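Report on the structure given below.
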Amino acid sequence: MARAQAALVVAAAGGSNSVEVARERAFEAFVAEHRDRAVRIAWRLLGGDQAAAEDVAQEAFVRAHRALGGFRGDARLATWFHRILLNEVARYQRWRWVRQRFAGEMPADPPELDAARPGDPGLRARVARALEKLPRGQREAFVLVHLEGLTIQESALATGRALGTLKSHLHRALRALRAELADLDPRQEARRT
Amino acid sequence: MSPHDDRRPEETSDAGLPPEDARFVARVAEAYAPPEPTPADRARFRSQLDERLAGRDRARAWRWLAPAALAVAVALIVMLRAPVDEPSEGAPVLATTPSDAIETDPEQQTLLAFISENDSSDEDSLPEDYQAIASLMY
């Protein structure tokens, strides 16, 4: 990770052909390193829509590639990229909302629920809906910290929010999800038995 | 993959959840897990990304064409619409050049202003927060 970051920063600073080649190689390594997580984050934030998640992740990589010249090496490349990704997710959601509202487009069908995949497709759809009901800040905080395992510090930097705000979002998100998905809550389970 | 990609959420999160909340979160994570990408999925993703990057480079190479074509079109309009004064007998002939017409015709001035506004592209400009995030880190 640190090697890819160093290579990208050095390559981004120069302009010759060999530097350009080095930059492309470093970018390739960066994509290989972050692709899976980027698609996962987008998938979780976009209600399990695989096509949309890949589209958004690709757009985020294109923007990262374009903006690499402005990247300063003192920032962690992954955090910088996650911020771009979150902005792309938000942009996608805004456009989807505009298309639905003004272009008469029907709301998207529930994401393709592959019955062959392990797990309960119905439950997956319910979790997706519960997450979609959360405000953006809470949804991002929950997905980054609880589902993707980023630290609170990393998530605060990626979302551009203060630590305290992020913790508050996490608390509220958890409370809302526990109410919405009571059957998954061990506390409710204990009360029932 | 980043070094902590393989860690489970409850192991990596520093949210300090009580055990019951941690169990709830683990159940949500298990129920709402994205599909594991296959090597073919990764290859397809990479080729689509390469296509997008190449498309952007092509667009960048050709982006001068639209304003240039517009400028040529306006110049042609100006030349065709320029008043051709019939010289009266004995009077000195005063040629009206396109540049004269540009300076005098407000409609053409508006067109030119439109061109100059559209000449700049935001292809390389990104939201400020992308550029500024480095300063947020420290």
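So the values come out like this:
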{"item": "Prolate/oblate/rounded call for segment B:19-81, Cα gyration tensor, a/c under 1.5 rounded", "result": "prolate"}
{"item": "Estimated distance in nm for a label pair at A:Arg99 and B:Arg44, the labels positioned 7 Å out from Cα along Cα-to-Cβ", "result": "1.9"}
{"item": "Heavy-atom accessible surface that A and B bury in contact, both chains counted, 1.4 Å, Å² to 100", "result": "5500"}
{"item": "Distance (nanometres) between label positions extended 7 Å along Cα→Cβ at B:Asp57 and A:Thr151", "result": "3.8"}
{"item": "Shielding by partners - mean other protein chain Cβ count within 10 Å, residues of A:144-154", "result": "6"}
{"item": "log₁₀ of I(q)/I(0) at q = 0.19, 0.28 Å⁻¹ - segment A:120-184, Debye sum with one point per alpha carbon", "result": "-0.67, -1.19"}
{"item": "Nitroxide proxy distance, nm - points 7 Å out along Cα→Cβ at A:Ala182 and A:Ala90", "result": "3.4"}
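The values are calculated or read from the model by the stated rules, or taken from the named source; none is laboratory data. Since we're looking at a predicted model, the values are computed, not measured. Neighbour counts run over all protein chains shown; Cβ positions are idealised from the backbone, glycine included. Heads up: the accessible areas ignore ligands, DNA and RNA and are worked out on the full protein's heavy atoms, side chains in. Shrake-Rupley method; radii C 1.70, N 1.55, O 1.52, S 1.80 Å.
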